[in-house]
Amino acid sequence: MGVRVVERPDGPTVHTVVESRMGPVTLIGVGEVLTGLLLPSTRERNVTASGAHGDRDDTALTAARSQLTEYLAGERHEFDLDVALQGSAFQVRVWEGLLRIPYGETWSYGALAADIGYDPRTSSRAVGAANGANRIAVVVPCHRVIGANGTLTGFAAGVDRKRFLLDLERPPVAADATLF
């Protein structure tokens, strides 16, 4: 189980839309391989070239649709999907590092840099830029990366959506928990 990075298969690109509390989420893929997940208001640079979404097909990407719906309902903590990561070798390395951040945890950009074998003192900004170019949000959990001081830094779909996703992953407080 887990997210598997695969080569982009041949075939037509299609997209489907999943309604959520954040607004419509667009899933893009070839066959059942996910190549994009765009949240509402995603920065233009993260949107693939015009027309690259392919035709809308709401019967496609069934596993991704189902698992995203379960995740957003708080019922799923891990995706079991094939994804095709499209970017530079450095970007792909960063995105593969994101896949190692556990549900409900956050890492700093420096921690992510160190995890993928780079000096955090000299590469945190480059890691941040690659993180910000991720086209498969949520499934490749770029929202789990925060500033070294704990602040919620930029997010391609806006900091409010980043906060929503992190709050969704926060463990519930026990009803009988008290301070005294």
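The values are calculated or read from the model by the stated rules, or taken from the named source; none is laboratory data. Worth saying up front: this structure is predicted, and the values here are computed from it rather than measured. Because the Cβ atoms are built from the backbone with ideal geometry, glycine has one as well, and the counts that use them run over all protein chains shown. Side chains are part of the model used for accessible areas, which takes the heavy atoms of the whole protein and leaves out ligands, DNA and RNA. Shrake-Rupley method; radii C 1.70, N 1.55, O 1.52, S 1.80 Å.
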Cleavage-rule hits (GluC sites (Glu not before Pro)) in region 1-45: DSSP loop, at most 13 neighbouring Cβ within 10 angstrom:
E7, E19, E32
With the dipole of the chain worked out from charges on the C-beta (+1 for Lys and Arg, -1 for Asp and Glu) around the Cα centre, which of V140, I116, T153 lies farthest toward the positive end?
T153
Which of the helices in the chain, when you take each full DSSP H run, stretch at least 27 Å along the axis at their Cα atoms and have an average Kyte-Doolittle score of 1.6 or higher?
none
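Using 0.36 nm per residue of separation minus the Cα-Cα distance, give me the extension gain between R163 and T59 in nm, one decimal. Mind showing how you got there, number by number?
Details: separation 104, 0.36 × 104 = 37.44 nm, distance 3.04 nm.
Roughly 34.4 nm would be gained on extension.
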Residues whose modelled amide H sits under 5 Å from the amide H of V25, counting only those 5 or more places away in sequence or on another chain, are V18, E19, S20
Compute the Cα gyration tensor for the chain, then decide on rounded, prolate or oblate, letting a ≥ b ≥ c be the square roots of its eigenvalues: rounded whenever a/c is under 1.5, prolate when a/b is larger than b/c in the other cases, and oblate in all that remain.
oblate
Whole-Hz ³J(HN,Hα) for each residue in region 145-158, computed from phi via Karplus 6.51 cos²θ - 1.76 cosθ + 1.60 with θ = phi - 60°, x for glycine and proline: what do you get?
9, 10, x, 4, 8, x, 7, 7, 8, x, 8, 4, 9, x
GNM on the chain, Cα springs under 10 Å; top mean-square fluctuation among A114, A157, A84 goes to A114
For the chain, set up a Gaussian network in which alpha carbons nearer than 10 Å are linked by springs, and say which option among L85, L168, L27 fluctuates the most.
L168
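May I ask you to derive the FRET efficiency for V6 and F90 from their Cβ-Cβ distance with R0 = 25 Å, giving the value to the nearest 0.05? Could you put the intermediate results ahead of the total?
Numbers: r = 20 Å, r/R0 = 0.78.
That gives a FRET efficiency of 0.80.
Given a 1.4 angstrom probe, I'd like the percentage of the accessible area of the chain that is carbon and sulfur, rounded to a whole number.
Values: 4860 of 9280 Å².
Summing carbon and sulfur atoms, their accessible area is 52 percent of the total for the chain.
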Mind ranking 130-141, 53-64 by how tightly packed they are, going by the mean number of other C-beta atoms within 10 angstrom, highest first?
130-141, 53-64
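With a 1.4 Å probe and all protein chains left in place, how much accessible area per residue does the chain have, in Å²?
Values: 9280 Å² over 180 residues.
Per-residue value: 52 Å².
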Amide H of A157 versus every other amide H placed in the peptide plane: which residues, excluding those fewer than 5 positions away on the same chain, fall under 5 Å?
R43
